[in-house]
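One structure below.
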Amino acid sequence: MSESKPFIPLNKPRSWVIFICACLLGIAFGLLGFFFTSLGLKVVAVVPLSLYVLCWVISFISWLVFISGFISGRYINIQHKKWSEQVW
């Protein structure tokens with residue numbers, strides 16, 4: 001029997017995980033907003049398009065945190081830890 005991998009990688013910083021998740025959610029909300037807009041439901045499309053923008057703002061901020069940590073060398077010796085104990 002093989003050991004199952006966790007959904008959230010244990011050897012990545014939190015900012016990287018948040019960046020990836022926010023980008024994926026942003027794409028999903030963008031497609032949903034586009035779908036509602038193409039159906040002519042522009043009032044309903046406001047919610048997913050607002051969430052789309054929010055996700056991309058969150059992903060940009062987490063990318064900045066990740067890049068600053070990467071440049072400063074904070075992630076050189078990153079260890080396998082629970083997500084709640086992982087570095088930002």
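A few remarks follow.
- Residues that are modelled with pLDDT of 85 or more, exposed (fewer than 13 other Cβ atoms within 10 Å of the Cβ) and within 30 Å of I71 (Cβ to Cβ), drawn from the stretch 1-32: L24
- Across the stretch 4-12, not a single residue is classified as part of a helix (DSSP H, G or I) and out of contact with any strand residue (DSSP E or B) (no Cβ under 7 Å at 6 or more places or on another chain).
- If the condition is being modelled with pLDDT of 85 or more and among the aromatic types (F, W, Y), then the stretch 66-88 contributes F66, F70.
- Scanning the stretch 65-88 for residues that are exposed (fewer than 12 other Cβ atoms within 10 Å of the Cβ), under 28 Å from K5 (Cα atoms) and hydroxyl-bearing (S, T, Y) returns a single hit, S84.
- Among the residues of the stretch 60-82, those that are under 14 Å from the mean Cα position of the chain (by Cα) and touching a residue at least 40 places away in the same chain (Cβ under 8 Å) comprise S62, W63, V65, F66.
- Of all residues in the stretch 33-64, those satisfying the criterion of being more than 30 Å from S84 (Cβ to Cβ) and either of a type in the set (D, E, K, R) or buried (at least 17 other Cβ atoms within 10 Å of the Cβ) (or both) are G33, F36, K42, A45, L49.
- The requirement of being of a type outside the set (S, T, N, Q) and touching a residue at least 40 places away in the same chain (Cβ under 8 Å) is fulfilled somewhere in the stretch 49-59, by at least one residue.
The values are calculated or read from the model by the stated rules, or taken from the named source; none is laboratory data. Remember, predicted model here, so these are calculated numbers, not experimental data. Because the Cβ atoms are built from the backbone with ideal geometry, glycine has one as well, and the counts that use them run over all protein chains shown.
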